[in-house]
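**Student:** Got a structure here, written out as structure tokens. Questions coming.
Since every read-out is calculated from the coordinates, none of them should be taken as a lab result. Keep in mind that what you see is a predicted model, and the values were worked out from it rather than measured. In this analysis, Cβ positions are derived from the backbone assuming ideal geometry, glycine residues included, and neighbour counts consider all displayed protein chains.
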Amino acid sequence: MTEREYLICLSSFFPFGPARLSLLLSYFGSAKKVWDASNSSLVSVGLRDKLVFDFDCYRKKFSPREYLGKLDKLKIKVFVKSDSDYPKNLLEIDSAPLVIYVLGEIQDEDCNAIAIVGSRKMTSYGKEVTEVFSSEFSNVGITIVSGLARGIDTIAHKIALESGGRTIAVLGSGIDVIYPPENRMLALEIAKNGALVSEFPLGYPALRPNFAFRNRIISGLSKAVLVVEGEKKSGTLLTASHAAEQGRVVFAVPGQITSPMSGASEFLIKNGARIAFSPADVLEELDLQFRLDKNKALKVAPTDEVESKILEIISRESLHLDEISRILGLEVSLISAKLSLMEIKGLVKSLGGGSYKRI
């Protein structure tokens, strides 16, 4: 086997974890030497007897040929940290996994990604907000990253797909173990229009502790994290915490003050997160990071009848989006989404405070 294949097989013994595995590789000098190391030499570097015993049993039963063959059969790609096509955003974080599994395609454009996360017990308000943000981000060519969980994650992925955009789902299990099971069809659609990503080996179950590991990858693949809903003590805050540690921008959508699902957003806003009243707030904040290509934006969403009407109205004078909405008889959320896209396409200019003029 090649050194790369040894690393893939070695990382499939997940109890080692990325940090411990990195130390072992540094000490022994190669994945092959770690795989072939005697029990006594593994104990001598500080591994517990029980962990060494478990690893020894694992490698004796493990068939590299079968494992690598199954990956090939399932069309699951494996990226090691030294690969040139390892996701660039993820490579930036200190805790980047040495090996990740991908079903689908990770493309260069996915470096322009925003994570949308929130509660599994979403409210109707949270659902509506997620639909608006996911739809508008997708319309301007931004990849949506989330965790395939019930609630907010599911809606974020679905709307991205319905909008013709790309989306990446980070799993808390092996890629061949979809959780929750009711999202199996959604996962297959995501693999066709984005990617399923996991650091967990094939067959690894969706255990509760896994999701804390997964959250750092959700934020690591993204330029920013948007928190829609979540209780004050929830996994949503873990993702936001990882994002802050990784130097990502954290946004929070203000929630209904009477809802316990607003606890996470309230906490984050009080502790320095950016407030996102609309998708435009996020796009403006990240303008220098994204610099979306104008031609790509035009291909994603060509000028339509609504955009033409907006241009006609503001050709005479600058107007506030509420006024444009009133004149055209359309929802403010739709007008806001159109104006944000038109600004990226170079058709209009924001004057601040929700007012726009034609360029």
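**Student:** Top mean-square fluctuation among V227, V282, V332, Gaussian network model of the chain, C-alpha springs under 10 Å?
**Tutor:** Fluctuation is largest for V332.
**Student:** Quick one: angle between helix 152-162 and the longest Cα principal axis of the chain, in degrees between 0 and 90, rounded to 10, please.
**Tutor:** 70
**Student:** Using alpha-carbon pairs under 8 Å, 6+ residues apart, how would you state the relative contact order of the stretch 3-73 in percent? Before the final figure, lay out each step's value.
**Tutor:** Values: 31 pairs, mean separation 22.4, N = 71.
Over the stretch 3-73, the number comes to 31 percent.
**Student:** Averaging sequence separations of C-alpha pairs under 8 Å and six or more residues apart, then dividing by the length of the chain, give the relative contact order as a whole percent. All intermediate terms of the calculation are to be shown ahead of the outcome.
**Tutor:** Values: 622 pairs, mean separation 46.8, N = 359.
Dividing the mean separation by the residue count of the chain yields 13 percent.
**Student:** Compute the acute angle (0 to 90°) between the alpha-carbon long axis of helix 64-73 and the principal axis of greatest extent of the alpha-carbon atoms of the chain; round to the nearest 10°.
**Tutor:** Between the helix axis and the principal axis of the chain, the angle is about 30 degrees.
**Student:** Between helix 305-314 and the chain, what is the angle of the helix's C-alpha long axis to the longest principal axis, kept within 0 to 90° and rounded to the nearest 10?
**Tutor:** The two axes meet at around 50 degrees.
**Student:** I've got another one for you. Just one of [x] 39, 25, 18; [y] 34, 23, 20; [z] 43, 20, 17 is semi-axes √(5λ) of the Cα gyration tensor in Å as worked out from the coordinates here. Which one is it?
**Tutor:** Only one listed value fits the structure, namely [z].
**Student:** I've got another one for you. Nearest 500 deg cm²/dmol is fine: what mean residue ellipticity at 222 nm does the chain get from its DSSP H runs of n ≥ 4 alone, each adding -39,500 (n - 2.57), divided by its residue count?
**Tutor:** Details: 19 runs with 175 residues, N = 359.
Helix contribution divided over all residues of the chain: -14000 deg cm²/dmol.
**Student:** Mind ranking 98-107, 26-35 by how tightly packed they are, going by the mean number of other C-beta atoms within 10 angstrom, highest first?
**Tutor:** Peptide ranking by packing, descending: 98-107, 26-35.
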